[in-house]
Amino acid sequence: MEYYWLLRSVLRAQPHLRTCLTRCRHCGIFFLTHPRNAGRHNLRCAFGCREAYRKQAAAQRTAAYYREPRGKKKKADLNQRRRNQEAARRGQTCGRKTPAGKPPSTQANSVIVEHVRMVVSLIEGRRVKRRAILQMAAKNRRQHTMVRRRKIDQAVLWLNEHPP
Ligand SMILES: [Zn+2]
(Lines give C-alpha, C1' and ligand atoms only; values in the text may rest on other atoms or scores of the structure.)
Protein backbone atom coordinates (compact mmCIF):
# COMPACT_ATOMS: atom_id res chain seq x y z
CA MET A 1 0.00 0.00 0.00
CA GLU A 2 1.37 3.36 -1.07
CA TYR A 3 0.44 4.95 2.25
CA TYR A 4 2.53 2.52 4.30
CA TRP A 5 5.44 2.81 1.91
CA LEU A 6 5.35 6.57 2.43
CA LEU A 7 5.00 6.25 6.21
CA ARG A 8 7.96 3.84 6.34
CA SER A 9 10.20 6.10 4.30
CA VAL A 10 9.26 9.09 6.49
CA LEU A 11 10.13 7.15 9.65
CA ARG A 12 13.38 5.93 8.15
CA ALA A 13 14.39 9.50 7.28
CA GLN A 14 13.20 10.93 10.59
CA PRO A 15 13.48 8.23 13.28
CA HIS A 16 12.51 10.66 16.04
CA LEU A 17 8.97 10.64 14.66
CA ARG A 18 8.64 6.99 15.66
CA THR A 19 7.35 8.13 19.05
CA CYS A 20 4.43 9.72 17.19
CA LEU A 21 3.48 6.49 15.45
CA THR A 22 0.23 5.07 16.74
CA ARG A 23 -2.52 2.76 15.59
CA CYS A 24 -6.18 3.54 15.09
CA ARG A 25 -8.16 1.71 17.77
CA HIS A 26 -11.04 1.33 15.35
CA CYS A 27 -9.66 0.28 11.96
CA GLY A 28 -6.07 -0.55 12.99
CA ILE A 29 -4.30 1.64 10.44
CA PHE A 30 -0.96 3.09 11.55
CA PHE A 31 -0.65 6.85 11.48
CA LEU A 32 1.43 9.71 12.85
CA THR A 33 -0.11 11.67 15.65
CA HIS A 34 0.83 15.01 17.18
CA PRO A 35 3.75 14.76 19.66
CA ARG A 36 1.40 15.80 22.48
CA ASN A 37 -0.45 12.49 21.90
CA ALA A 38 2.71 10.40 21.61
CA GLY A 39 2.43 7.08 23.38
CA ARG A 40 -1.36 7.04 23.38
CA HIS A 41 -3.00 3.94 21.98
CA ASN A 42 -6.65 4.90 22.24
CA LEU A 43 -6.73 7.26 19.25
CA ARG A 44 -8.74 7.08 16.07
CA CYS A 45 -7.41 7.88 12.61
CA ALA A 46 -8.31 10.95 10.56
CA PHE A 47 -9.41 8.82 7.64
CA GLY A 48 -13.02 8.54 8.78
CA CYS A 49 -12.88 6.82 12.18
CA ARG A 50 -12.42 10.00 14.23
CA GLU A 51 -15.22 11.76 12.36
CA ALA A 52 -17.58 8.78 12.69
CA TYR A 53 -16.85 8.51 16.42
CA ARG A 54 -17.38 12.23 16.94
CA LYS A 55 -20.81 12.02 15.27
CA GLN A 56 -21.78 8.94 17.24
CA ALA A 57 -20.70 10.51 20.55
CA ALA A 58 -22.62 13.69 19.74
CA ALA A 59 -25.76 11.68 18.96
CA GLN A 60 -25.40 9.79 22.24
CA ARG A 61 -24.95 13.03 24.18
CA THR A 62 -28.05 14.48 22.57
CA ALA A 63 -30.08 11.35 23.32
CA ALA A 64 -28.89 11.32 26.95
CA TYR A 65 -29.71 15.01 27.32
CA TYR A 66 -33.26 14.57 26.12
CA ARG A 67 -33.80 11.75 28.60
CA GLU A 68 -33.15 14.16 31.50
CA PRO A 69 -36.09 16.21 32.86
CA ARG A 70 -34.35 19.43 31.79
CA GLY A 71 -33.85 18.02 28.31
CA LYS A 72 -37.41 16.78 28.09
CA LYS A 73 -38.71 20.27 28.74
CA LYS A 74 -36.27 21.70 26.17
CA LYS A 75 -37.46 19.18 23.59
CA ALA A 76 -41.07 20.02 24.27
CA ASP A 77 -40.24 23.71 23.83
CA LEU A 78 -38.42 23.00 20.56
CA ASN A 79 -41.31 20.96 19.23
CA GLN A 80 -43.71 23.73 20.10
CA ARG A 81 -41.48 26.28 18.37
CA ARG A 82 -41.25 24.06 15.28
CA ARG A 83 -45.04 23.73 15.17
CA ASN A 84 -45.34 27.51 15.43
CA GLN A 85 -42.80 28.02 12.64
CA GLU A 86 -44.57 25.53 10.40
CA ALA A 87 -47.85 27.27 11.03
CA ALA A 88 -46.22 30.59 10.17
CA ARG A 89 -44.69 29.12 6.99
CA ARG A 90 -48.03 27.79 5.87
CA GLY A 91 -49.38 31.30 6.32
CA GLN A 92 -46.75 32.72 3.98
CA THR A 93 -47.27 32.73 0.23
CA CYS A 94 -43.62 32.38 -0.76
CA GLY A 95 -41.31 30.12 1.20
CA ARG A 96 -37.71 31.16 1.61
CA LYS A 97 -35.08 28.52 1.12
CA THR A 98 -32.97 27.66 4.15
CA PRO A 99 -29.24 27.93 3.45
CA ALA A 100 -27.74 24.53 2.82
CA GLY A 101 -25.19 23.34 5.35
CA LYS A 102 -21.81 21.96 4.44
CA PRO A 103 -22.11 18.44 3.03
CA PRO A 104 -20.63 15.75 5.33
CA SER A 105 -17.89 14.96 2.78
CA THR A 106 -16.51 18.50 3.13
CA GLN A 107 -16.23 17.96 6.87
CA ALA A 108 -14.45 14.64 6.51
CA ASN A 109 -12.08 16.20 3.96
CA SER A 110 -11.15 19.00 6.32
CA VAL A 111 -10.25 16.44 8.99
CA ILE A 112 -7.92 14.73 6.51
CA VAL A 113 -6.42 18.03 5.35
CA GLU A 114 -5.72 18.95 8.98
CA HIS A 115 -4.10 15.55 9.54
CA VAL A 116 -1.88 15.96 6.47
CA ARG A 117 -1.02 19.50 7.55
CA MET A 118 0.04 18.26 10.99
CA VAL A 119 2.13 15.39 9.55
CA VAL A 120 3.85 17.62 6.98
CA SER A 121 4.58 20.15 9.74
CA LEU A 122 6.15 17.36 11.81
CA ILE A 123 8.25 16.14 8.90
CA GLU A 124 9.42 19.59 7.90
CA GLY A 125 9.87 20.74 11.49
CA ARG A 126 7.92 23.94 10.88
CA ARG A 127 4.33 25.06 10.89
CA VAL A 128 2.86 24.47 7.44
CA LYS A 129 -0.28 26.38 6.50
CA ARG A 130 -3.49 24.71 5.50
CA ARG A 131 -3.47 26.65 2.23
CA ALA A 132 -0.09 25.17 1.29
CA ILE A 133 -1.52 21.67 1.77
CA LEU A 134 -4.52 22.45 -0.41
CA GLN A 135 -2.23 23.83 -3.14
CA MET A 136 -0.07 20.72 -2.90
CA ALA A 137 -3.14 18.50 -3.22
CA ALA A 138 -4.38 20.42 -6.26
CA LYS A 139 -0.99 20.11 -7.95
CA ASN A 140 -0.89 16.40 -7.15
CA ARG A 141 -4.35 15.92 -8.64
CA ARG A 142 -3.29 17.66 -11.85
CA GLN A 143 -0.24 15.42 -12.16
CA HIS A 144 -2.34 12.31 -11.56
CA THR A 145 -4.72 13.43 -14.28
CA MET A 146 -1.78 13.94 -16.65
CA VAL A 147 -0.37 10.49 -15.94
CA ARG A 148 -3.76 8.93 -16.45
CA ARG A 149 -4.23 10.80 -19.71
CA ARG A 150 -0.84 9.66 -20.92
CA LYS A 151 -1.75 6.05 -20.17
CA ILE A 152 -4.96 6.42 -22.13
CA ASP A 153 -3.02 7.96 -25.04
CA GLN A 154 -0.66 5.00 -24.98
CA ALA A 155 -3.54 2.56 -24.93
CA VAL A 156 -5.18 4.29 -27.89
CA LEU A 157 -1.86 4.30 -29.76
CA TRP A 158 -1.36 0.61 -29.06
CA LEU A 159 -4.90 -0.20 -30.22
CA ASN A 160 -4.29 1.74 -33.44
CA GLU A 161 -1.18 -0.29 -34.15
CA HIS A 162 -2.75 -3.58 -33.06
CA PRO A 163 -6.37 -3.42 -34.18
CA PRO A 164 -8.54 -6.14 -32.61
ZN1 LIG B 1 -9.32 4.29 11.68
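The values are calculated or read from the model by the stated rules, or taken from the named source; none is laboratory data. Computed from a predicted model, the values in this text were never measured in an experiment. Cβ atoms come from the backbone with ideal geometry, glycine included; neighbour counts cover every protein chain shown. With ligands, DNA and RNA removed, areas are computed over all heavy atoms of the protein, side chains included. Shrake-Rupley method; radii C 1.70, N 1.55, O 1.52, S 1.80 Å.
Things to note:
- Gain in span if fully extended, residue 151 to residue 53, counting 0.36 nm per residue against the direct Cα distance: 31.3 nm
- Close amide H contacts of residue 25 (hydrogens built in the peptide plane, cut-off under 5 Å, sequence separation of 5 or more or a different chain): 43, 44, 45.
- Farthest positive-ward along the stretch 30-92 dipole, Cα basis, beta-carbon charges - from 38, 85, 60: 85
- Surface per residue (accessible, 1.4 Å probe) for the chain, Å²: 82 Å²
- Our coupling estimate for the stretch 81-91, obtained by passing each phi through the Karplus curve with A = 6.51, B = -1.76, C = 1.60 and θ = phi - 60°, is 4, 5, 4, 4, 5, 5, 4, 5, 5, 4, x Hz, Gly and Pro reported as x.
- The angle between the Cα long axis of helix 49-67 and the longest principal axis of the Cα atoms of the chain comes to about 10 degrees, rounded to the nearest 10.
- Here the Karplus curve 6.51 cos²θ - 1.76 cosθ + 1.60, taken at θ = phi - 60°, turns the phi angles of the stretch 124-141 into couplings of 7, x, 8, 7, 9, 7, 4, 5, 4, 5, 5, 5, 4, 5, 5, 5, 4, 4 Hz, with x standing for Gly and Pro.
- Global geometry of the stretch 38-94, whether rounded, prolate or oblate, following the gyration tensor of its Cα atoms and the 1.5 cut on a/c: oblate
- Pairs of alpha carbons in the chain whose separation is greater than 28 Å (percent): 52 percent
- Expressed as a whole percent, the accessible surface of the chain that belongs to carbon and sulfur atoms is 56, based on a 1.4 Å probe.
- Taken about its Cα centre, the stretch 1-97 carries a charge dipole of roughly 600 debye when the Cβ of each Lys and Arg holds +1 and the Cβ of each Asp and Glu holds -1.
- Adding -39500 (n - 2.57) for every DSSP H run of four residues or longer, then dividing by how many residues the chain holds, sets the calculated 222 nm ellipticity at -22500 deg cm²/dmol.
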